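Undergrad: Shown below is the structure under consideration.
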Amino acid sequence: MPKTLTTVRHLDRASQKRSDKDFIAAAQKSPEARYMILVDEAPAIVSNAERTEAAIRWFKYADIETFDFVREFPIFLGLDDNAAPYFALNINEHRSRIMPGGPFVLKPWVDLRTLAVQGAMQVEELSLIGQAKSIAAWQLTARCCGHCGGTTNIRDGGWRRKCWSCGQQHFPRMDPAVIMLVTHGDKCILAHEERFPDMMYSTLAGFVEPGEDFEDAVRREVKEEVGVDIGPVSYIASQPWPFPHSLMIGCLGEALTTDLTLDPQEIADAQWFTRTEMQQVLDGKHPDGITAPMQYSIAHKLMRHFIAMK
Ligand SMILES: [Zn+2]
């Protein structure tokens, strides 16, 4: 790996430190502090020329001063193994154009989805970017209080906002969504939506509604989208999906019926695939050219899980 690429494997979120104003203030100015800078939620990165290896580009507080970003409000990400504090700072593209030196000082910045698809960055760093991006996106939409319309002020290193007028507290938003592989014996359902790349088929998914448990959400979404009745539902794994702040709850749903009735508003096509066909899809060798979601996605993991269950 090139010398400029220093990867961060793990941060302790140190959530108990967030409310310590003195700690956060001192940590921000510490010579040990490191800053991820995002431009419109896309992090500045370093990479080799071929972009086969990439890492977050970490800046020091001295850089933040040079860039004239000291009045921006950074998000506290956590502490590394040496207790060095890490922050993320999100600016917009216009702000980058008026910073000393101009935007080229920060370039390149690359959005998380592209970085994940390229597969050049360690998964731990993608996760950190997801953490920063989710909070940054929430910060942009939580500036006013939903109760009284008053201005909210940032607290807890960016993890809480408090209304200046009525005192109401606001916390980062997360949207739970179920993502499910519907199975029936040796077969499972993959579907294509209009918004997907051509020929990409994936698992079904949908948001959990208020008052619903995950199992009910799986049964409702599958019935709505492909008309199949679902019996037992089992939880497999979850994945943060910071576009902008979802949490995907990955499940298997056992089908009680097999006839497909598609909701044309959501599903362009859906088919039953055998395990052998699924393996072809994952290997990029399906005779019809059908492809799977990227390897870091939970849909991909559910597909592999089903094949391994044989
Ligand atoms: Zn208020």
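The values are calculated or read from the model by the stated rules, or taken from the named source; none is laboratory data. What you see is a predicted model, and the numbers here were worked out from it, not measured in a lab. FYI the Cβ positions are ideal-geometry reconstructions off the backbone, even for glycines, and counts take in every protein chain you see. To get the accessible areas, we keep the full protein, side chains included, count just its heavy atoms, and leave off ligands, DNA and RNA. Shrake-Rupley method; radii C 1.70, N 1.55, O 1.52, S 1.80 Å.
Undergrad: Rolling a 1.4 angstrom probe over the protein chains, ignoring ligands and nucleic acids, what is the accessible area of Arg57 in square angstrom, nearest 10?
TA: My reading of the accessible area for Arg57 is about 70 Å².
Undergrad: While we're looking at this one, here's another question. For the pair Asn92/Asp175, report the inter-label distance in nm, with labels modelled 7 Å from Cα in the Cβ direction.
TA: So the two model labels end up 2.1 nm from each other.
Undergrad: Right, another one. Given springs between every Cα pair under 10 Å in a Gaussian network model of the chain, which of Lys285, Lys223, Lys133 has the largest fluctuation?
TA: Maximum among the listed residues: Lys285.
Undergrad: Can you sort Val208, Val281 by 1.4 Å-probe accessible area, starting with the largest? Each step should come with its number before you reach the end.
TA: Values: Val208 25, Val281 5 Å².
Result, largest first: Val208, Val281.
Undergrad: For the chain, what does -39500 (n - 2.57) per DSSP helix run (n ≥ 4), summed and divided by total residues, give at 222 nm, in deg cm²/dmol to the nearest 500?
TA: Helices in the chain give a 222 nm mean residue ellipticity of -7500 deg cm²/dmol.
Undergrad: Using only Cα atoms and rounding to the nearest 10 degrees, what angle (0 to 90) does helix 298-308 make with the longest principal axis of the chain?
TA: 40 degrees
Undergrad: Please report, in cubic angstrom per residue, the volume enclosed by the convex hull of the alpha-carbon atoms of the chain.
TA: So the per-residue Cα hull volume is 169 Å³.
Undergrad: Calculate the length of the line joining the C-alpha centroid of the stretch 141-174 to that of the stretch 204-276, in whole Å.
TA: The stretch 141-174 and the stretch 204-276 have Cα centres spaced 33 Å from each other.
Undergrad: Here is a follow-up. Could you work out how far apart the two model spin labels at Asp216 and Ser30 are, taking each label as a point 7 Å from the Cα in the direction of the beta carbon, and quote it in nm?
TA: For Asp216 paired with Ser30, the spin-label model returns 4.5 nm.
Undergrad: Just subtract the alpha-carbon distance of Arg113 and Thr7 from 0.36 nm times their residue separation and send over the number in nm, one decimal.
TA: Here the segment from Arg113 to Thr7 would lengthen by 36.3 nm.
Undergrad: Give the calculated FRET efficiency between Asn153 and Glu209 to the nearest 0.05, with a Förster radius of 41 Å applied to their Cβ-Cβ distance. Let's see the in-between values first.
TA: On the way: r = 32 Å, r/R0 = 0.77.
Step by step, r from the Cβ atoms, then E = 0.85.
Undergrad: Right, something else. What's the carbon and sulfur percent of the stretch 7-117's accessible surface, probe 1.4 angstrom, rounded to a whole number?
TA: Roughly 47 percent of what the probe reaches on the stretch 7-117 is carbon or sulfur.
Undergrad: Could you pull the accessible area for Lys60 with a 1.4 Å probe, rounded to 10 Å²?
TA: Its accessible surface works out to 100 Å², give or take rounding.
Undergrad: Dipole size in debye (nearest 20) for the chain around its Cα centre, Lys and Arg Cβ +1, Asp and Glu Cβ -1?
TA: 1400 debye
Undergrad: I need the GluC sites (Glu not before Pro) found in the stretch 1-68, filtered to DSSP loop residues with at most 14 other beta carbons within 10 Å of theirs.
TA: Values: sites: Glu32, Glu41, Glu50, Glu53, Glu65; in loops: Glu32, Glu41, Glu50, Glu53.
Hits after loop and neighbour filter: Glu32, Glu50.
Undergrad: Same structure, new question: Of the listed pairs Lys21/Lys162; Lys223/Lys310; Lys60/Lys133; Lys60/Lys107, which have alpha-carbon separations greater than 21 Å here? Mind dumping the intermediate values first?
TA: On the way: Lys21/Lys162 14 Å; Lys223/Lys310 26 Å; Lys60/Lys133 19 Å; Lys60/Lys107 16 Å.
Going by Cα-Cα distance, Lys223/Lys310 fall outside the 21 Å limit.
Undergrad: Taking the 0 to 90 degree range and rounding to the nearest ten, how far is the long axis of helix 123-141 tilted relative to the main principal axis of the chain, both from C-alpha atoms?
TA: Tilt of helix 123-141: around 70 degrees.
Undergrad: So what is the orientation-averaged projected area of the stretch 107-226, using the convex hull of its C-alpha atoms, in nm²?
TA: Values: hull surface 46.8 nm².
Averaged projected hull area, Cα only: 11.7 nm².
Undergrad: Toward the positive end of the charge dipole of the stretch 15-141, about the Cα centre and with charges on Cβ (Lys, Arg +1; Asp, Glu -1), which of Ala33, Val70, Leu115 goes farthest?
TA: Towards the positive end, the residue furthest out is Val70.
Undergrad: Within the stretch 159-194, name every residue whose backbone N is under 16 Å away from a label modeled 7 Å from Cα of Asp269 along the Cβ vector.
TA: What the label zone holds, given the 16 Å backbone N cut-off, is 189-194.
Undergrad: How much length is gained on full extension from Gln16 to Leu262, taking 0.36 nm per residue of separation minus their Cα-Cα distance?
TA: Taking Gln16 through Leu262 to full extension adds about 83.8 nm, to one decimal.
Undergrad: For the pair Arg71 and Ala237, what calculated FRET efficiency results from E = 1/(1 + (r/R0)^6), where r is the Cβ-Cβ distance and R0 = 41 Å, to the nearest 0.05? Could you put the intermediate results ahead of the total?
TA: Values: r = 41 Å, r/R0 = 1.00.
Step by step, r from the Cβ atoms, then E = 0.50.
Undergrad: With every protein chain present, what accessible area does Glu212 have (1.4 Å probe, heavy atoms only), rounded to the nearest 10 Å²?
TA: Looks like 40 Å² after rounding.
Undergrad: For the stretch 144-196, which whole percent of the accessible surface, found with a 1.4 angstrom probe, sits on carbon and sulfur atoms?
TA: 46 percent
Undergrad: What number comes out for accessible area per residue over the chain if the probe is 1.4 Å? Units Å², please.
TA: In whole numbers, the chain has 50 Å² accessible per residue.
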